[in-house]
Amino acid sequence: MTQHTADTALSAQPTSSASTAPRPTRTSRTAVPRVLTAAMPRYVAKRLGQSALAVFLTLTTVFVLIRMAPGDPAYSMAGPLATTEDLDRIRADMGLDQSVFTQYLLYLRGLLHLDLGTSYSFQAPALDVVLARLPYTITLSVAAIVLTTLVAIPLGVWMARRADTRRELGANVVTIAGQSMPDFWTGLMLITLFAVLIPIFPAAGFTTWSSLVLPTVTVAVLQIALISRMVRREMVGAFSSPYMTVARSRGVPERELIWRYALRNSAIPVLTALGTRFASMLNGVVVVEVVFAWPGVGSLVVRALETRDYPLIQATVLVTAVLAVLVQLAVDLCYPLLDPRVRLGKGTSK
């Protein structure tokens, strides 16, 4: 009687799990469309309002700080042989002879019409100059984040499966080294090896698509080290979770356990990290662009700072801030697709 009772209990346990397991799946299939249709417009409107305020405060802060910084744009344009009359005339042409508050009001009025002024060094609309350089930065950023994703996630999973082993220790050493190397050093070493000693790729500029290889690898080295270690940490935590123990007891294959269960439950922090790194790349990978003479926004910022080109600095900040906001918004909207328990707004859980 006792043996029969024990056998009945053991046989009933998988049956109970099997009967309750599909319920979250059915809920997830209906929850995501409901969230996307009901809460998304309100959530997007709220986030866009917050983002617009953040961009406005950023532009205001930059406007004030660059005028408090030492240096005179008129002197940078006129040169050391300019007279006082020449400097006064140039300041008047630039509008720098007015008070900072008046300059700020004129700046806000132009901002409403997307007129950010004329670049001092290029003698062209500052926004047009930035937009002409932006495709190069976007190309480099997309290539770097794709390479990072393709390498860092499998590497992190591999490290998690071999946690606390000698192989994982060796991979940790490599990732720590990649995380510790400065971008400019990595770029110079790649140029020395693959453009000078073994001339396979161009050393600088953007002449052909092969010119994209070395800058992409330089940017991705640090990102791969950071993201792979994060994936490793999240996957190790997922492997020890109760749902993984239950799935193993039900005979779920190891490959499915890793890529369908553990990785999906670890996807949100990894996606957040990838989105944050991608947004920072869009702000201009300054060091890498300078090392490789890449005609992107980062090298443009360096030139604008050297010449005290106020309109160009402000236009660069505006464009990169808007791009960073859009990337973060896209990442947030992906959360309920990865985990249906995530809600974009109140009242969407029912």
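The values are calculated or read from the model by the stated rules, or taken from the named source; none is laboratory data. What you see is a predicted model; the values in this text were computed from it and never measured. Cβ coordinates were reconstructed from backbone atoms using ideal geometry, including for glycine residues, and neighbour counts include every protein chain displayed. The protein model used for the area step is the full one, side chains on, heavy atoms only, and it has no ligands, DNA or RNA in it. Shrake-Rupley method; radii C 1.70, N 1.55, O 1.52, S 1.80 Å.
Scan region 204-216 and give yes if some residue there is under 23 Å from residue 273 (Cβ atoms) and either within 20 Å of the chain's Cα centre (by Cα) or surrounded by 19 or more Cβ atoms within 10 Å (Cβ to Cβ) (or both), otherwise no.
Yes.
Out of region 192-207, which residues are assigned to a loop (DSSP other than H, G, I, E, B) and either farther than 22 Å from residue 145 by Cα or touching a residue at least 40 places away in the same chain (Cβ under 8 Å) (or both)? Matches in region 192-207: 198, 199, 200, 203, 204, 205, 206. For region 4-15, state whether one or more residues are over 30 Å from residue 250 (Cα atoms), at pLDDT below 80 and either surrounded by 10 or more Cβ atoms within 10 Å (Cβ to Cβ) or more than 27 Å from the chain's Cα centre (by Cα) (or both). No: region 4-15 contains no residue that is over 30 Å from residue 250 (Cα atoms), at pLDDT below 80 and either surrounded by 10 or more Cβ atoms within 10 Å (Cβ to Cβ) or more than 27 Å from the chain's Cα centre (by Cα) (or both). Flag not set for residue 54, criterion: part of a helix (DSSP H, G or I) and at pLDDT below 85.
I'd like to check something: does region 171-181 contain any residue that is part of a loop (DSSP other than H, G, I, E, B), within 22 Å of residue 281 (Cα to Cα) and either open to solvent by 50 Å² or more (accessible area, probe 1.4 Å) or touching a residue at least 60 places away in the same chain (Cβ under 8 Å) (or both)? Yes, that holds for at least one residue.
Picking from residues in region 87-113 that are surrounded by 15 or more Cβ atoms within 10 Å (Cβ to Cβ) and under 16 Å from residue 308 (Cβ atoms), the one that is farthest from the chain's Cα centre (by Cα) is 87.
For residue 340, the test of being open to solvent by 20 Å² or more (accessible area, probe 1.4 Å), in contact with a helix residue (DSSP H, G or I) (Cβ under 9 Å, 6 or more places away or on another chain) and modelled with pLDDT under 90 is passed. Answer yes if at least one residue in region 127-146 is open to solvent by less than 40 Å² (accessible area, probe 1.4 Å) and part of a loop (DSSP other than H, G, I, E, B), and no otherwise. For region 127-146, residues open to solvent by less than 40 Å² (accessible area, probe 1.4 Å) and part of a loop (DSSP other than H, G, I, E, B): absent.
Applying the condition of being modelled with pLDDT under 80 and of a type in the set (D, E, K, R) to region 226-254 and asking which residue is surrounded by the most Cβ atoms within 10 Å (Cβ to Cβ) yields 248.
Checking the structure you have, find out if any residue of region 310-332 is open to solvent by 40 Å² or more (accessible area, probe 1.4 Å) and touching a Phe, Trp or Tyr at 6+ places or on another chain (Cβ under 9 Å). No, region 310-332 has no match at all.
Among the residues making up region 46-81, those that are over 28 Å from the mean Cα position of the chain (by Cα), hydrophobic (A, V, I, L, M, F, W, C) and open to solvent by 50 Å² or more (accessible area, probe 1.4 Å) are 68, 77, 81. For region 234-254, a residue qualifies if it is free of Cβ contacts under 8 Å to residues at least 12 places away in the same chain and closer than 27 Å to residue 179 by Cβ, and exactly one does: 240. Examine region 81-92 for a residue that is of a type in the set (D, E, K, R), in a helix (DSSP H, G or I) and in contact with a Phe, Trp or Tyr (Cβ under 8 Å, 6 or more places away or on another chain), and state whether such a residue exists. Within region 81-92 (the criterion being of a type in the set (D, E, K, R), in a helix (DSSP H, G or I) and in contact with a Phe, Trp or Tyr (Cβ under 8 Å, 6 or more places away or on another chain)), the answer is no, since none of the residues qualifies.
Can you pull out the residues in region 147-170 that are farther than 27 Å from residue 281 by Cα and open to solvent by 50 Å² or more (accessible area, probe 1.4 Å)? Those that are farther than 27 Å from residue 281 by Cα and open to solvent by 50 Å² or more (accessible area, probe 1.4 Å): 161, 162, 164, 165, 166, 167, 169. Taken over region 255-305, the criterion of being open to solvent by 40 Å² or more (accessible area, probe 1.4 Å), among the charged types (D, E, K, R) and in contact (Cβ under 8 Å) with a residue 24 or more places away in the chain is satisfied by 264, 277, 303. Residue selection: residue 210 fails the criterion of being in contact (Cβ under 8 Å) with a residue 24 or more places away in the chain, out of contact with any helix residue (DSSP H, G or I) (no Cβ under 7 Å at 6 or more places or on another chain) and hydroxyl-bearing (Ser, Thr, Tyr). Of everything in region 32-45 that is modelled with pLDDT of 75 or more and exposed (fewer than 13 other Cβ atoms within 10 Å of the Cβ), the residue that is nearest to residue 324 (Cα to Cα) is 45.
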